[in-house]
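Participant: Before I ask anything, here is the structure I am working with.
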């Protein structure tokens, strides 16, 4: 997979957190396209090409999803279930990216087939390091179906 084609769907209701992640991507010279939605309903609509996300050329399916758990309208676990129960979406890696260290949340995420569970790092440098590692692993090292 080539970095210029790499697409990230960020499902994050905290706009400041989303801007920090976007800034980290820029500071690490990561060449990708990031799509940000603020709640679970928008995430489902984006992934289903519904409502304002109907145009797949403008809103293509992502290569990876960073999904917060505590989001409005449809919570992160329900969005995860939606993704992992849809044959057209199931192969998209989902990283739960949350502030929750609750064992129940962790168990629910893995029971519903998350690919990874990450507690949001504190501080810009830690977040920047996380973004760099995630991008390196999922874009450079991981081999996704149909992307050899």
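What follows draws every value from the coordinates through simple rules; no lab data is involved. Just so it is clear, the structure is predicted and the values come from calculations on it, not from any experiment.
Participant: Need the full-extension length gain, residue 86 to residue 141, defined as separation in residues times 0.36 nm minus the C-alpha distance. One decimal, nm.
Facilitator: The span from residue 86 to residue 141 would gain 17.3 nm if fully extended.
Participant: Now for a different question. Round to a whole angstrom and tell me the spacing of the C-alpha centers of the range 69-88 and the range 102-118.
Facilitator: Centre-to-centre (Cα) distance: 12 Å.
Participant: Below 8 Å between Cα atoms, with a sequence gap of 6+, how large is the relative contact order for the range 3-141 in percent?
Facilitator: Worked out over the range 3-141, it gives 26 percent.
Participant: What is the ratio of the Cα radius of gyration of the chain to 2.2 N^0.38 Å, where N is its residue count, to two decimals?
Facilitator: Numbers: Rg = 14.3 Å, N = 148, 2.2 N^0.38 = 14.7 Å.
Taking the Cα Rg and dividing by 2.2 N^0.38 Å, one obtains 0.97.
Participant: Dividing the Cα radius of gyration by the Kirkwood radius, what Rg/Rh value follows for the range 7-73? Mind dumping the intermediate values first?
Facilitator: On the way: Rg = 11.8 Å, Rh = 12.2 Å.
Over the Cα atoms of the range 7-73, Rg/Rh equals 0.96.
Participant: Which value, in Å to one decimal place, does the Kirkwood hydrodynamic radius take for the range 97-141 when every pair of different Cα atoms is included?
Facilitator: 11.7 Å
Participant: Taking the DSSP beta bridges in the range 3-141 as the whole, what percent of them are antiparallel, to the nearest 5?
Facilitator: Bridges in the range 3-141 that DSSP calls antiparallel: roughly 0 percent.
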